[in-house]
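Shown next, in structure tokens, is the structure this report addresses.
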Amino acid sequence: MPELIGIKKINVAVFISGNGSNLKNLIKYSLKKNSKFKISLIVSNKSYSKGLKYAKKFKIKKKIINYLNNKSAEKDIIENLKKNKIDLICLAGFMKILSISFIKNFNGKIINIHPSLLPKYKGLNTHQRAIDNKERYSGCTVHYVNSELDSGRIILQKKVKILKTDTGNKLAKRILKQEHLLYPKALKKVLINL
Ligand code: GRF
């Protein structure tokens, strides 16, 4: 583990596919005075991910991965992680499923944010499913990534009340606000144990 005090920070790579609002928020936290991590690499499987603009804005290296073939894509990712001496991977809206061998390679070093109160509503379309099932609460979860989708050990969760007037979109927006608070908190917790 790199030395924390004073000089070396934990090198984090953030993987995205879309807007990158969680990425932007993690960057903001990484730039705080006593932050123990640095975002050194942004990985996207799409060249047109909106979140890639933060690479330019905050002068962070970016790598767009061509996902024609999973095996070669992951080989490319691993090379870039090594080159940038990445210690921890934060998935933030990354829409590709990483292979079991990739996950094993980075055992305990990959975390993800998911917009539901896991273990409920793994996978996609979480907000609408929670509304349709007349849940009183949904929320968000930061968890370690293991070989089963959205099933790794939970680091932190935040509950959000579902309102009678909620649509999937409205609920998604309120949960996203909470995601922005939860992810940095969870990351802080992970860094202590890294
Ligand atoms: C978030 O809701 C996250 O929980 C989910 O994908 C969304 C990504 O949003 N995995 P953004 O790209 O960070 O804005």
Checklist entry - Which number in (1) open to solvent by less than 70 Å² (accessible area, probe 1.4 Å); (2) free of Cβ contacts under 8 Å to residues at least 12 places away in the same chain marks the one condition that Asn107 misses? => result (1)
Checklist entry - Between residues in the range 59-84 that are farther than 14 Å from Ile39 by Cβ and residues that are charged (D, E, K, R) and part of a helix (DSSP H, G or I), which pairs lie under 7 Å by C-beta distance while being six or more apart or on different chains? => result Ile65/Asp76
Checklist outcome for this item: Filtering the range 100-114 down to residues that are more than 26 Å from Ile60 (Cα to Cα) and either within 9 Å of the ligand (Cβ to nearest atom) or of a type outside the set (A, V, I, L, M, F, W, C) (or both) yields Ser101, Lys104
Item to check | Qualifying residues in the range 44-53 (those that are open to solvent by less than 50 Å² (accessible area, probe 1.4 Å) and touching a strand residue (DSSP E or B) at 6+ places or on another chain (Cβ under 7 Å)) - the one nearest to the ligand (Cβ to nearest atom) | outcome: Gly51
Item to check | Any chance Lys28 is among the basic types (Lys, Arg), open to solvent by 40 Å² or more (accessible area, probe 1.4 Å), under 15 Å from the mean Cα position of the chain (by Cα) and within 16 Å of the ligand (Cβ to nearest atom) | outcome: yes
Next on the checklist: I want to confirm something. Restricting to the range 79-97 and keeping residues that are surrounded by fewer than 19 Cβ atoms within 10 Å (Cβ to Cβ) and under 17 Å from the mean Cα position of the chain (by Cα), which single residue is nearest to the ligand (Cβ to nearest atom)?
Outcome noted: Met95
Next on the checklist: Looking only at helices (runs of 4 or more DSSP H) that lie completely in the range 37-117, which have at least 3 residues being of a type outside the set (D, E, K, R)?
Outcome noted: 70-83, 100-105
Checklist entry - How many residues does the range 56-70 contain that are within 16 Å of the ligand (Cβ to nearest atom) and either of a type in the set (Ser, Thr, Tyr) or buried (at least 23 other Cβ atoms within 10 Å of the Cβ) (or both)? => result 0
Checklist entry - Within the range 157-194, restricting attention to residues that are within 13 Å of the ligand (Cβ to nearest atom) and hydrophobic (A, V, I, L, M, F, W, C), which residue is most open to solvent (accessible area, probe 1.4 Å)? => result Leu181
Next on the checklist: Among the residues that make up the range 127-136, is at least one of them part of a loop (DSSP other than H, G, I, E, B), modelled with pLDDT under 95 and either buried (at least 16 other Cβ atoms within 10 Å of the Cβ) or out of contact with any strand residue (DSSP E or B) (no Cβ under 8 Å at 6 or more places or on another chain) (or both)?
Outcome noted: no
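The values are calculated or read from the model by the stated rules, or taken from the named source; none is laboratory data. Being a predicted model, the structure only gives us computed values, none of them experimental. Glycine also receives a Cβ, built like all others from the backbone with ideal geometry; neighbour counts cover every protein chain displayed. Surface areas here come from the heavy atoms of the whole protein model, side chains and all, with no ligands, DNA or RNA. Shrake-Rupley method; radii C 1.70, N 1.55, O 1.52, S 1.80 Å.
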